[in-house]
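Since the structure comes first, as structure tokens, the remarks are kept for the end.
The values are calculated or read from the model by the stated rules, or taken from the named source; none is laboratory data. Just so it is clear, the structure is predicted and the values come from calculations on it, not from any experiment. Cβ sites come from the backbone with ideal geometry, for glycine too, and all protein chains shown count toward neighbours. Note: areas computed on protein heavy atoms with side chains; ligands, DNA, RNA excluded. Shrake-Rupley method; radii C 1.70, N 1.55, O 1.52, S 1.80 Å.
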Amino acid sequence: MRLAQRARRVQPFYVMELAKTAARMAAAQGPAGRPMIYLNIGEPDFTAPPRVQVAAEQAIRDGRSQYTQATGLPALREAISGWYARRFGLSIDPGRIVVTAGASAALQLACLALVEAGDEVLMPDPSYPCNRQFVQAAEGKAVLIPSGPEDRFQLSADHVEQAWGPATRGVLLASPSNPTGTSIARHELERIARFVRERGGVTLVDEIYLGLSHEDAFGHSALGLPDGLGDEVISVNSFSKYFNMTGWRLGWLVLPPALVPAVERLAQNLFICASTIAQHAALACFHPESLALYEARRAEFKARRDWFIPALDRLGLDVPVRPDGAFYAWVDVRRWCERWNIPLRTDNPEAGGSWALALALMERCQIATTPGRDFGEAEPWRYLRLSTANSMAQLQEAMARLEAAS
């Protein structure tokens, strides 16, 4: 059967391929073996709060499972607007909010609405791999710009200006970022958005980890940029990370008002609506009791970061930029590759560097991690992503195993 070219262009999601390998190794160990510690998947170890679970059960019992508007339950759009007001001091018109089937659907809708065939979208390298696949699925081209520790692994306004060309449509940023956990400084984000506006382009910002910001200097939504810039930004957010609802598949877009009708038409045709049960359940996310629990969990993620990052550095698993949000550590593995006689760069990307080290960590330490190959083309062999979305006890055990193997 002949595949469409767009399907051929989509690259494997290596995070999931390595997860399969880890699962096979864990199964081969058997019940008597040392259990695998999973630091590879970016999924909170917390589940939806009790009130959210009860709200879902109540919606099912009440039969509230019919389609909603493509833009989402009006009450949920109001609740999201209220959260922006309380958390960030922003006044966001609920009419600008479109509830989606996860952040993935939000990004797909935004790209389909804005990206023409051949359009280029500038992105940092490293960045979350699926984001560039959404651009490609819309027949656009993701242009990855190497962004190193000196740039907090983020695009700068200088990067954008230098890379902007006749085919450039805009930028796709993530703040805080997966895989690095770093955010764009507010002044730099403003410079980028201002330059993009001057060129008639689009600033699209993935803010799905925004609720899990840990530093006062960051944790500001791009929607709050001055001089009307925030009103032109397209923000993607999700109930998966801060709100601990990964499998519920619920997210949202905040759009400039003029873009809402086009996105609504696309959503009507492609998705009809996000899960109605998940939407009713998500209303309970904004109850004071749930919000208090989310903040306690955010503090726990910060405590894990504050313990784990220095411990990695002490072992020579260097973290060049301290993450200010999310739950990741982007680790420079050169010293460990040298220590374990693993070549850094080979013709076969699976025979050296972070990929080979990830396999070695699974075999020797029973620790699953994610090599840099997924996240870009700029020195992917050099970096390994570790997730702290795991209990402190598991992180401490992982560190003990690493120390014993170092």
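Worth pointing out:
- Where only C-alpha atoms are counted, convex hull volume of the stretch 360-406 per residue in Å³: 78
- Inter-site label distance for Ala351 and Leu315 at 7 Å from Cα along Cβ, in nm: 2.8
- Of all DSSP bridge pairs formed entirely within the chain, close to 45 percent run antiparallel.
- Helix axis angle, 14-29 relative to the chain longest principal axis, alpha carbon, degrees: 50
- Between 0 and 90°, nearest 10: helix 260-270 axis offset from the chain longest Cα axis: 70
- With DNA, RNA and ligands ignored, accessible area of Lys141 (1.4 Å probe; Å², nearest 10): 110
- Nearest-10 value in Å² for the accessible area of Val233, using the 1.4 Å probe: 0
- The chain: relative contact order in percent, alpha carbon pairs under 8 Å with at least 6 residues between: 23
- Per-residue SASA entry for Asp313, accessible area with 1.4 Å probe, Å² rounded to 10: 60
- In terms of its C-alpha gyration tensor, the stretch 245-328 comes out prolate, because a/c is 1.5 or above and the ratio a/b outweighs b/c.
- Relative to its residue count, the stretch 295-355 spans a Cα convex hull of 88 Å³ per residue.
- Close amide-amide hydrogen proximity is noted between Gly148 and Phe153, each under 5 Å apart and 5 or more residues distant or on a separate chain (H modeled in the peptide plane; Pro and chain starts excluded).
- Taking all Cα pairs closer than 8 Å and separated by 6 or more residues, the relative contact order of the stretch 29-139 comes to 17 percent.
- Kirkwood hydrodynamic radius (C-alpha pairs) into Stokes-Einstein, the chain, 25 °C and 0.890 mPa s, D in µm²/s: 112
- Radius of gyration over Kirkwood radius for the stretch 1-155, both on Cα atoms: the Rg/Rh ratio is 1.04.
- In order along the stretch 73-82, the Karplus-derived 3J(HN,Hα) couplings, from 6.51 cos²θ - 1.76 cosθ + 1.60 at θ = phi - 60°, round to 4, x, 5, 6, 5, 5, 5, 5, 4, x Hz, and Gly and Pro are given as x.
- Whole-percent carbon and sulfur share, accessible surface of the chain, 1.4 Å: 51
- Charge sum, other residues only, whose C-beta stays under 10 Å from Pro146's C-beta, Lys/Arg counted +1 and Asp/Glu -1: -4
- The modelled label-to-label distance between Gln268 and Glu289, using points 7 Å beyond Cα along the C-beta direction, is 3.9 nm.
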